[in-house]
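The values are calculated or read from the model by the stated rules, or taken from the named source; none is laboratory data. Since the structure is predicted, the reported quantities are computational estimates derived from the model, not experimental observations. Every residue, glycine among them, receives a Cβ derived from its backbone with ideal geometry; neighbour counts consider all protein chains shown.
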Amino acid sequence: AQKVTQAQTEISVVEKEDVTLDCVYETRDTTYYLFWYKQPPSGELVFLIRRNSFDEQNEISGRYSWNFQKSTSSFNFTITASQVVDSAVYFCALSEARNTDKLIFGTGTRLQVFP
Amino acid sequence: ETGVTQSPTHLIKTRGQQVTLRCSSQSGHNTVSWYQQALGQGPQFIFQYYREEENGRGNFPPRFSGLQFPNYSSELNVNALELDDSALYLCASSWVNEQFFGPGTRLTVL
């Protein structure tokens with residue numbers, strides 16, 4: 001069965017600190033996709049990244065970076081120099097390769113960035 | 001703004017009633033998925049529609065049903081509401097592996 005675990009329920013940091021959100025997944029599939037979404041208080045899920053299981057290169061997008069390690073089934077997300085606008089709930093998700101619209105979400109990590 | 005809209009924004013119902021939630025997808029998106037997000041939890045996949053046919057279902061009872069219309073808009077119907085149905089209901093439309101979520105409908109069952 002597929003499962004996503006986000007062990008950190010809530011993280012609080014002060015602005016400009018770096019923060020890493022952990023994600024561990026379980027799947028028997030050899031091909032799958034991993035995602036990160038941001039959910040601000042408005043409720044709408046904002047897509048951040050999608051990563052194919054065959055692509056283990058780390059990715060950087062501005063202040064965001066992702067570390068995919070297949071050996072440990074982890075897909076961690078780091079925000080560098082956090083800002084108050086980064087405050088939100090962040091979800092890691094997993095899908096089968098044949099249906100990338102059917103997402104299995106973790107329980108989310110609430111990030112609070114204080115000024 | 002993802003171009004996916006949902007109505008109503010909020011809804012209050014009593015146990016045993018029926019509810020219909022609506023989703024208008026991005027133009028041209030032929031696939032729509034519905035998710036239920038209970039408070040403090042991640043979204044859970046309910047079902048997906050592709051070109052008006054159900055194309056996959058999560059672990060939800062038959063009283064959760066849906067429709068997709070020729071213009072690809074969609075409805076989620078829930079019969080015999082239970083207290084545990086209180087949640088944020090999200091719809092997402094997609095086209096060629098790009099999925100966009102709407103703002104959700106918050107349903108409260110009293």
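Let's see how each residue does on (1) aromatic (Phe, Trp, Tyr); (2) crowded, with 17+ Cβ neighbours inside 10 Å:
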position: A:Phe54; (1), (2): yes, no
position: A:Gln83; (1), (2): no, no
position: A:Ala93; (1), (2): no, yes
position: A:Lys102; (1), (2): no, yes
position: A:Val113; (1), (2): no, yes
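Those residues that are small (Gly, Ala, Ser), crowded, with 21+ Cβ neighbours inside 10 Å and either touching a Lys or Arg at 6+ places or on another chain (Cβ under 6 Å) or touching a residue at least 40 places away in the same chain (Cβ under 8 Å) (or both), I need them from segment B:18-47; list them, please.
B:Ser25, B:Ser33 - these are the residues of segment B:18-47 that are small (Gly, Ala, Ser), crowded, with 21+ Cβ neighbours inside 10 Å and either touching a Lys or Arg at 6+ places or on another chain (Cβ under 6 Å) or touching a residue at least 40 places away in the same chain (Cβ under 8 Å) (or both).
Of the conditions (1) basic (Lys, Arg); (2) closer than 30 Å to B:Phe47 by Cβ; (3) modelled with pLDDT of 95 or more, A:Arg28 fails just one. Which one is it?
(3)
So which residues in segment B:52-97 are of a type in the set (A, V, I, L, M), over 26 Å from B:Gly16 (Cα atoms) and touching a strand residue (DSSP E or B) at 6+ places or on another chain (Cβ under 8 Å), if there are any at all?
Once the filter is applied, which keeps residues that are of a type in the set (A, V, I, L, M), over 26 Å from B:Gly16 (Cα atoms) and touching a strand residue (DSSP E or B) at 6+ places or on another chain (Cβ under 8 Å), segment B:52-97 yields only B:Ala92.
Looking at segment B:67-78, is at least one residue out of contact with any Phe, Trp or Tyr (no Cβ under 7 Å at 6 or more places or on another chain), over 15 Å from A:Gly43 (Cα atoms) and touching a residue at least 60 places away in the same chain (Cβ under 8 Å)?
No, the conditions are met nowhere in segment B:67-78.
Taking segment B:93-107 as the search range and keeping residues that are touching a residue at least 60 places away in the same chain (Cβ under 8 Å) and more than 13 Å from B:Leu21 (Cβ to Cβ), which one is surrounded by the most Cβ atoms within 10 Å (Cβ to Cβ)?
Checking each candidate, the answer is B:Ser93.
Just for strands (runs of 3 or more DSSP E) wholly inside segment A:1-81: which have at least 3 residues that are away from every other protein chain (no Cβ under 14 Å)?
Counting at least 3 such residues, we get A:10-14, A:59-61, A:64-69, A:74-79.
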